[in-house]
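Presented below is the structure to which this report refers.
FYI, it's all coordinate maths here, none of it is from the lab. Worth saying up front: this structure is predicted, and the values here are computed from it rather than measured. Please note: Cβ atoms are built from the backbone with ideal geometry, for glycine as well, and neighbour counts cover all protein chains shown.
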Amino acid sequence: MKIDEAREVRTTCPYCGVGCGVLAKVAADGEVTVRGDPDHPANFGRLCSKGSALAETIDLDGRLLYPEIHGRRTDWNEALDLVASTFSQTIAEHGPDAVAFYVSGQLLTEDYYLANKLMKGFIGSANIDTNSRLCMASSVAGHRRAFGSDTVPGSYEDLELADLIVLVGSNLAWCHPVLYQRIAAAREKRPDMKVVLIDPRRTMTADIADMHLAIAPDGDVALFTGLLAYLGQHNALDRTYVTAHTTGFEQALFAVSALDLAGVAAATGLGEDELVSFYSLFAATAKTVTVYSQGVNQSSSGTDKVNAIINCHLATGRIGKPGAGPFSVTGQPNAMGGREVGGLANMLAAHMEIENSEHRERVQRFWSAPAVAEKPGLKAVEMFQAVADGRIKALWIMATNPVDSMPDADAVEAAIKACPFVVVSDVLAKTDTVRHAHVRLPAAAWGEKDGTVTNSERRISRQRAFLATPGEARADWWIIAEVAKRMGFGEAFSHPSPADVFAEHAALSAFENDGARDFDIGAYGGVDAETYEDLLPFQWPAPASPSPLRGGSGSASSEARQASRGGVGDASPTPPRLPRLAAQSSLADPALKGEGIRFFANGNFYTPDGKARFIPIRPVPQTRTNEKFPLILNTGRVRDHWHTMTRTGKSPRLSQHLAEPFAEIHPADAQHFGIGDADIVRVSTAHGEVLVRALVTARQRPGSVFVPMHWTDQFSARARVDTLVAPITDAISGQPASKNVAARVERFAAVAFGFAVLAERPAAIDADYWSLARCAAGWRLEFALKAGRDWPVSATSLLGADVQGETLAYHDVAGGHYRFARFAGSRLVGALYLAPKPVAVSRSWAVEQLSADHADRRGRLAIVAGRPGGNRVELGAIVCSCFGVGANQIAEAVRGGCTSVEAIGATLHAGTNCGSCRAEIRTIIEARRLQAAE
């Protein structure tokens, strides 16, 4: 497509499942700027810290730009021929189930669609699964059990209309910040709105909560089955809705009839008074939305958790109505698109079922496919186990990093290394997975890709290119189609553009549907290139003509409009269009203002009898600890990083907030295990161990430890947290349990601790523990050692032996202190600080010196000292990434009289751009108030 560099281009953010609209602009000098799209109905102009920093992540540093075979650069013909011939030969010799695709929620829908079509329809195996299995498979399974379809009933608008929001296992403030901001804004307008946070950790999301229930790990089933029992005991039920639109209620109620408050309290670790407060609030509040995320899904009982939540909403008739319903928020930008195309091993395309022979026959006819897979394929954990034992002999990994993100990650890495043939399509030349590929295929990155994504509220948006594709990188859909052609399936994969792929995907959604399936975007089945180019965000369903789909309602302000169109939204056969250039925007349709389409307010579920199914659930004890591993490990995200940092790790701004991997541990546990704040600790389980920095905090639940998921061998020595996670999965969904692993924590006996700033990334780091992060003019390095080194030699090695210049050094051999700085002319090449305890150096100031001029000798000596002269306040940990404002600065401003988030913003600008740090600012203010009160 033609790139117009003079105008802003409408696209979408490539991070979480909120699906924020972004306006991207390329200046004449090539500089890219991004801002939130004020007209996009997901975010209305808001962006989080990650979205705001997107322009910092699109350089070509580290990009895979050319196809490679065994590390040798080649051309596309040779690479594609090898992939196609090897897959074909493997299938001929060992059958279709000897090959597999492992794909990603980072793919666009058009990419996903062709990958699924090739594997399930033409290779004839269902061995295609996605990293979305790791984040939302239990929601899919729970939806299908209850509704007969994978349908998200509500819309984002419901978060603003609700009188009660229950957040379960969701750190919305950090993981879906724009939704958090929407709730916060709504609450300012309606102070009576209540928020309950259910999470073992007191995350930053607790800042907005009226009630925080610090539940025991995996206590959610007990909590929500207890809630159902309470609703029944107190007659807080919608009997009319239950009778008319559901089945199995009495069985579900009987399954929880033996539960009492004492039993639920014991199972959840909560007090009986806390339970009564929550249960009575839920029972009394008709407009309740329950938002849940990975704390629910990533569990061996994840599907039961989902259905326990849904049971409570069905029992009260709180579903599909403005401000009411269960709401799964997805982790990835196109996890929902992957569900729509059937990108999971146990699904067919267009929300059809692989176990259903009618559905298989329908898809086969539509595709004119030789053989549609007849049984579910291997889910993610099973897939890599099959790679390990030799059943899978050829594996194609697309846009994901399983060596770091899969449970039992060391075993996964060993399996990939031993696999006879591994293809990886990626944007980077070096990841922990790419290094094991026999064939490396350079894929287009965000800003270069062109297609669609679907967010958590079923809203499909265009992701448009605004940059030329560099080198020989190609779009994933094109790569897949070219391999398919070489395997002999050319006629079915002769798509000239992503628009053509999308049109086929849309047509399949409507094919022999007639209201029988929830996913129907038939209005777009004949979309042409021009219409596709100008496509506006829209929510599905969007059938080609009005049909009696399934009992939804529009928003409070648009119910009459929705009712006239079958109760589910705009059924016009003419898709809404808008030129992709933002300057020409004019969004008048209420549906484009975020007024949502809902399902199931009037029943009409996608089950054979049209009724929702209550699922009888009994809580099962989840104890996993033992004498050797007495703590529970929980894993998850931090605010400013994403997945395995292949994108966010490029941004100096995003690397400021939390610059190294850590383990949150409660003060009582830290004292018991002899751990001090900022110690290096070893966290170990039966599967592996990591070395991370200790963060002692009362926000962590006693008996548990939290370690983030992002750090890899590219950024740290031993911090791949999924090496610790057992390959235990939910029996129904196949989703791994990443938040309840028996672990132990012990102090790492380091004899030396170091910090360095470096103008260039070091080629090698000789340390037992190290963590590397980008900074504005180079890199910052934290490290620790179990044994001493020849430091003058080691410091020179860290910089690179060929780096010459003036050297200043201080060495106290007896005390174990060493400081070193080297200059090339007036430029600092690197500085290193070593001590027997964590180094007391002004880190923010030291980082700044990489971009400063150092002609003055006194200034050079200050670098060796590691601190500025005068009364400069050390920034402390960076809280506001947008403006580089640290915790010490905020505390100083509070002492100076700034006693609100708004006052801090007016003084320091912190919290005035993306807003992601506002909860942390408020925490610092409250901590200062408590200190003053004492």
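Tabulated results
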read-out	value
Beta bridges per DSSP with both ends in the chain, % antiparallel, nearest 5	60
Relative contact order (percent, whole number), region 344-436, Cα cutoff 8 Å, 6+ residue spacing	23
Order by protection proxy (mean Cβ within 10 Å, highest first), peptides 809-817, 406-414, 534-542	534-542, 406-414, 809-817
Potential extension, Asp514-Ala258 segment - 0.36 nm per residue separation minus Cα distance	87.8 nm
Separation in nanometres of the label points that stand 7 Å from Cα toward Cβ, at Val864 and Asp192	6.9
Cross-link reach list, lysines versus Lys430, counting only Cα pairs under 19 Å and skipping chain neighbours closer than eight places	Lys417, Lys650
Selection from His505, Trp396, Leu159, by position along the positive dipole direction of the chain (Cβ)	Leu159
Cross-link reach list, lysines versus Lys287, counting only Cα pairs under 16 Å and skipping chain neighbours closer than eight places	Lys194, Lys321
Residues Ser88, Ser138 arranged by fewest to most Cβ contacts within 10 Å	Ser88, Ser138
Extension gain, Gln671 back to Ser357 (0.36 nm per residue minus Cα-Cα distance, nm)	107.0 nm
Within straight-line cross-link reach of Lys837, lysines at Cα separation under 17 Å, skipping those fewer than 8 residues along the same chain	Lys786
Two-decimal Rg/Rh across the chain, once Rg and the Kirkwood Rh are taken from alpha-carbon atoms	0.96
Label-to-label distance, nm, for residues given as Thr697 and Asn602 (7 Å Cα→Cβ offset)	4.8
Region 24-147: relative contact order in percent, alpha carbon pairs under 8 Å with at least 6 residues between	12
Overall form of region 137-328 per C-alpha gyration tensor (a/c, 1.5; a/b vs b/c)	rounded
Coordinate range along principal axes, alpha carbons of region 878-933, Å, largest first	31, 17, 16
Whole-Å distance, taken between Cα centres, linking region 257-287 and region 118-172	27
Estimated dipole of the chain in Debye, rounded to 20 [Cβ of Lys and Arg +1, of Asp and Glu -1, Cα centre]	1300
Val793/Ser900 FRET efficiency (R0 51 Å; Cβ-Cβ; nearest 0.05)	0.45
Relative contact order [Cα under 8 Å, 6+ residues apart], the chain, whole percent	15
Peptide ranges 59-72, 899-912 listed from the most packed, as the mean C-beta count within 10 angstrom indicates	899-912, 59-72
Potential lengthening between Thr243 and Ser280 on full extension [0.36 nm per residue; Cα-Cα distance subtracted]	11.0 nm
Distance between region 175-208 and region 42-113 - C-alpha centres, whole angstrom	36
Simple label model, 7 Å out from Cα along Cβ direction - Arg857 to Ala877, nm	4.1
Cut-off under 5 Å, modelled amide H: who pairs with Gln463 long-range	Gly451, Thr452, Val453
Alpha-carbon centroids, region 815-882 and region 503-524: separation in whole Å	61
Protection proxy ranking of 211-223, 21-33 - average other beta-carbon atoms within 10 Å, highest first	211-223, 21-33
Neighbourhood charge, 13 Å Cβ-Cβ cut-off, centred on Val757 and excluding it, Lys, Arg +1 and Asp, Glu -1	+4
